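Remarks on the structure that follows.
The values are calculated or read from the model by the stated rules, or taken from the named source; none is laboratory data. Note that this is a predicted model, so its numbers are computed, not measured. Methodologically, a virtual Cβ is constructed for each residue, glycine included, from the backbone with ideal geometry; neighbour enumeration extends over all protein chains shown.
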Amino acid sequence: MVTEIKLVKYNHAVGESNLHLQFTPKYRKPIFADKDVKAECENEFREIAEKLGVQLVGMGFGPDHAHLFVSSWKNYSIVQLVQRFKGVSSRHIRQKYMVRLAVRGLFGDQMWSDGEFHRTVGAVTYETMKKYVTESQQKHWKAEKPKQSQTKLLEFN
């Protein structure tokens, strides 16, 4: 990942284009609580960014969502970036971790929900981006309270 956000020089332009993306797994299932699934998703996002020629400046995960901070994406629309990141990662992760995803309640041929959050971001420092994308995710990793089991029919008097 890039450690510094700088102006990028192109043939006939100089500029900075930053984008914050957030993706949610289908049915908001906590698939990233599985460390291997999370690591695989991180690797997939890095490879996709490299193939697209965009800078993946930062990423962060909650148990049920992923944040990406992408820079130098001027050759793509937001829709194209979302399709690439979600499509490629979904295909590879589902092939490799189909059973683990099923254990977390995610079945079928989709890993991501249909929508996404996106926001174009002005000039920011790397430290600001890192603080938001990584440190702010800690609130999502609080220990889950055990769910009460459903009362069985035979337990009623």
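For the reader, a short list of remarks on this structure follows.
- If you check VAL70, VAL82 for being under 22 Å from LEU21 (Cα atoms), not charged (D, E, K, R) and not in a helix (DSSP H, G or I), only one passes: VAL70.
- Counted residues, the range 85-123 - those being touching a residue at least 24 places away in the same chain (Cβ under 8 Å), charged (D, E, K, R) and under 18 Å from PHE23 (Cα atoms): 4
- Residues of the range 16-30 satisfying the condition of being among the polar types (S, T, N, Q) and assigned to a strand (DSSP E or B): ASN18, GLN22
- Exactly one residue out of ASP114, ASP36 is part of a loop (DSSP other than H, G, I, E, B) and modelled with pLDDT of 90 or more: that is ASP114.
- Matching residues in the range 17-65 - criterion: being closer than 19 Å to SER113 by Cα and free of Cβ contacts under 8 Å to residues at least 40 places away in the same chain: PHE32, LYS38, GLU42
- Subset of the range 12-33 [under 29 Å from VAL103 (Cβ atoms) and either in contact with a Pro (Cβ under 8 Å, 6 or more places away or on another chain) or surrounded by 17 or more Cβ atoms within 10 Å (Cβ to Cβ) (or both)]: LEU21, PHE23, THR24, PRO25, LYS26, LYS29, PRO30, ILE31, PHE32, ALA33
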